[in-house]
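A.B. asks: Would you mind keeping the following structure in view while I ask a few things?
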Amino acid sequence: MRLFGIETEYGITRDDLEEVDPVVESMELVRAHLTASFERRWDYAGEDPHEDARGFRVSGLAQDKEEDEFAKLDAHRPFSFHEMKSDLVLPNGARFYNDHTHPEYSTPECRRLKDLVAQDRAGERIVQRAADRRNRSLGGEYVQLYKNNTDFHGHSYGCHDNYLALRSIPFPQLTAGLLPFLVSRQVIAGAGKVGIEAQESGVVPGQFQLSQRADFMETDLSVDTMHNRPILNTRDEPHADPKKYRRLHLIIGDANMCEYATALKVGTTQLVLDLIERGAAPSLELEQPVMAVKQLSRDIDLKAVVRRQNGQTITALEIQEQYYRAAERTLAGLDEESDWVLNEWGETLRLLAQDRQRLVGKLDWVTKLWLLETFMREERIGWDDPWLASLDLAYHNVHPARGLYLGLEADGKAWRMTTEADVELALSVGPSDTRGGLRGLCIRRFPEHIRSMQWERIQFTGGLMPRTLEMGDLFEPADVRACAERFETADSPLDALKAWNERKDTGS
């Protein structure tokens, strides 16, 4: 049962201001997307960040204190909490909202990698087009947005990848199988970064590393996300039937510009989950995973070794190679997409070891390093030159005329999984085989009838009682399409619900 999605936190700034209030700027950006007044639809009742997947509920989080401080600071603002969030559900089934200090875009749930990449790229277009409208209201090109995880206004932003997993898999089994893979995944999925940074200190220049998030990893496992950041987040918000499923919420990933890196990051992680489900993941437990994340990130030659619990040492490429070999033995021939991931995974590991220049335009850290080294040779500067930090940031600018990566892509120097037509379609339509697409369909057809929404349900107005479309177990493509057909052809959402419920009752 494959289902995945990506949440991206965008860095935002204003070129015309000495000091930027990211809360206001993020809210104004999200609202610039609207063509009508904001209506509150998202229901937060089903969200509880204190539930831990290890089987308990924490009484408090490190981030709770920060949220309380935010509330005090926001008390003077002339808008409510919900107005500030400006939480929008879009016609493609995605969410676009102000996560207090940054705009955030969450893709709809996807089953296929091409859909996920298209929806992720649609997010870039949505935030940039909102910035264009905001800039027109300001009378200049002031608002800049970056798909980037390094420091903005004292905050480190993230890119979270999410996966539907079976509740029947014991959590310790997930932990043992995933941690070594996630520690080493940065050789494929790292966005590249100039300098070294920590949670409470500024950037120290002078070194290039693979990953932006590695500097901020502080523990192996934790339910926290804003402080004490974990390699494997244990928040238990399944957004599905909690008896059957859990949602694996990973906060260790970088925000990728390269479509290839995005597809391979999610595709390989899904295959590792398949391995764990089958009891076929390699046993590679590391002695100190947090230290290993940082060590491996800071070695661009990919020669650094980290210690395993059995006393042996291993490199990041060797870890990835063992996972790849296990997946090849166990999952080859499973389906066309799995075979594509296996083929590209193996080839990427080979090129990283032998000829990584052939991965320019495919992997972000390789592409960024190539750009910066080319610039350094031409300008005769070193890694400690502040010019490089500016170029690092410009790589992630989502403005098509300012972003260095987007410039490479426009010149045909970046690998594409999607076409422009794919991305434009993803702006308005979600995947037809997931509940994400169904959510978007309801937004397009019956916006005035929607009372509230969550990931797993939609509540409609009408009649004496609210009517609800439950999607906590709606994952089979045939069922999703059958439900969508009712909502596509019905005159009202209540008619669609009646027809859908009858279909479920009769099984036809």
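A.B. asks: For Asn256, what charge total do you get from the other residues with a beta carbon under 12 Å from its beta carbon, if Lys and Arg give +1 and Asp and Glu give -1?
C.D. replies: That works out to +1.
A.B. asks: Would you mind checking the radius of gyration and Dmax of region 264-389 based on alpha-carbon positions, in Å?
C.D. replies: Calculated on Cα positions, Rg and Dmax stand at 17.1, 53 Å.
A.B. asks: Which value results when the Cα radius of gyration for the chain is divided by 2.2 N^0.38 Å?
C.D. replies: Taking the Cα Rg and dividing by 2.2 N^0.38 Å, one obtains 0.96.
A.B. asks: May I pose another question? Return the loop-located trypsin sites (Lys or Arg not before Pro) in region 223-269 (DSSP other than H, G, I, E, B) with at most 15 other Cβ atoms within 10 Å of their own Cβ; answer none if there are none.
C.D. replies: Lys243, Lys244
A.B. asks: Express the relative contact order of the chain as a whole percentage, based on alpha carbon pairs under 8 Å and six or more residues apart in sequence.
C.D. replies: 19 percent
A.B. asks: Still on this structure, please answer the following. In whole percent, how big is the carbon plus sulfur part of the accessible area of the chain, probe 1.4 Å, protein atoms only?
C.D. replies: 49 percent
A.B. asks: While we're looking at this one, here's another question. Just to confirm a number: summing +1 for Lys and Arg and -1 for Asp and Glu over residues other than Pro242 whose beta-carbon lies under 12 angstrom from that of Pro242, what do you get?
C.D. replies: -2
A.B. asks: Modelling each spin label as a point 7 Å along the Cα-to-Cβ direction, I'd like the Lys498/Arg54 distance in nm, to one decimal.
C.D. replies: Placing both labels 7 Å beyond Cα along the Cβ direction yields 5.2 nm.
A.B. asks: Next question, about the same structure. Would you kindly derive the ³J(HN,Hα) couplings of region 157-164 from the backbone phi angles with the Karplus curve 6.51 cos²θ - 1.76 cosθ + 1.60 (θ = phi - 60°), listing them in order in whole Hz, with x for Gly and Pro?
C.D. replies: Rounded to whole hertz, the list is 9, x, 9, 10, 9, 10, 9, 6.
A.B. asks: Now for a separate question. Using the Kirkwood formula over every pair of different C-alpha atoms, what hydrodynamic radius in Å results for region 1-63?
C.D. replies: 16.2 Å
A.B. asks: Based solely on its DSSP helices, what 222 nm [θ] is calculated for the chain when runs of n ≥ 4 H residues each add -39,500 (n - 2.57) and the sum is averaged over all residues, nearest 500 deg cm²/dmol?
C.D. replies: -13000 deg cm²/dmol, from helical runs alone.
A.B. asks: Can you give the accessible area per residue of the chain, in Å², using a 1.4 Å probe?
C.D. replies: Each residue of the chain exposes 41 Å² on average to a 1.4 Å probe.
A.B. asks: Moving to a separate point now. In a shell of Cβ-Cβ distance under 12 Å around Glu124, excluding Glu124 itself, what net charge do Lys and Arg (+1) and Asp and Glu (-1) give?
C.D. replies: Around Glu124, the surrounding residues sum to +1.
The values are calculated or read from the model by the stated rules, or taken from the named source; none is laboratory data. Every value quoted in this text rests on a predicted model; they were computed, and no experiment measured them. Using ideal geometry, Cβ is built from the backbone for each residue, glycine included, and neighbour counts are taken over all protein chains shown. Note: areas computed on protein heavy atoms with side chains; ligands, DNA, RNA excluded. Shrake-Rupley method; radii C 1.70, N 1.55, O 1.52, S 1.80 Å.
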